[in-house]
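Worksheet: one structure, shown below.
The values are calculated or read from the model by the stated rules, or taken from the named source; none is laboratory data. Worth saying up front: this structure is predicted, and the values here are computed from it rather than measured. Cβ placement follows ideal geometry from the backbone for every residue including glycine, while neighbour counts extend to all protein chains displayed.
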Amino acid sequence: MFLHNRGFAVDRAVLRLNPLIVYVIIPFLLPLLSMCILRWKLEYAWAELFVLNALVSAFTGLVMWLHSERVANMFLQYSGHSYGKANEGAAALLGVHRISPVLPACVSLFLMLISFWHVVVMILLAVM
C-alpha cells in the first residue's frame with residue numbers, strides 16, 4: 001500500500017521492516033558474500049580480491065548513504081520542514097523519526113572505511 005503526501009510515495013512495508021535486517025545484516029553480508037564468491041568460486045588472487053571487494057563495500061556504503069538522505073528528506077517533508085518535536089506526529093505515524101537517518105549514515109561511513117582499508121591492503125600487497 002502506498003501513501004501519497006505532496007507527490008511523494010512511500011511504501012509502508014519498506015518503512016516497517018526490521019531496521020536490524022535492513023541496516024546492519026544486509027549491508028555487511030553483501031561484502032562478505034562477494035568476498036567468498038570471488039575467492040572460492042572465481043578463484044581470484046588476493047590483490048584482485050581486495051580491489052573488487054572494496055568496490056562492493058563502497059557501492060553498498062553509497063547506497064546506504066543515499067538511503068539515509070532519502071529518509072532525512074522524508075522526515076523533513078512529513079514534519080513540515082521543521083525540526084521541532086511538535087510537528088513529528090505525521091512523520092511518526094508513517095514510521096519516519098528524527099533519528100531514522102542516523103543508523104544508515106553510520107553504516108555507510110563504516111562501509112566506506114572498510115573499502116578504504118581494502119585499498120590500503122591492496123597497495124601494501126602490491127608493494128611487498
Would you be able to tell me the number of residues in segment 101-124 that are at pLDDT below 85, surrounded by 14 or more Cβ atoms within 10 Å (Cβ to Cβ) and closer than 10 Å to residue 50 by Cβ? 4
Scan segment 85-100 and tell me whether some residue there is modelled with pLDDT under 85, under 23 Å from residue 26 (Cα atoms) and loosely packed, with under 14 Cβ neighbours inside 10 Å. yes
For residue 10, the lone unmet condition from (1) within 25 Å of residue 125 (Cα to Cα); (2) among the hydrophobic types (A, V, I, L, M, F, W, C); (3) at pLDDT below 60 is (1)
On the given criteria, is residue 71 more than 15 Å from residue 114 (Cα to Cα) and either buried (at least 17 other Cβ atoms within 10 Å of the Cβ) or of a type outside the set (Lys, Arg) (or both)? yes
So residue 16 fits all but one of (1) surrounded by fewer than 14 Cβ atoms within 10 Å (Cβ to Cβ); (2) modelled with pLDDT of 65 or more; what number is the exception? (2)
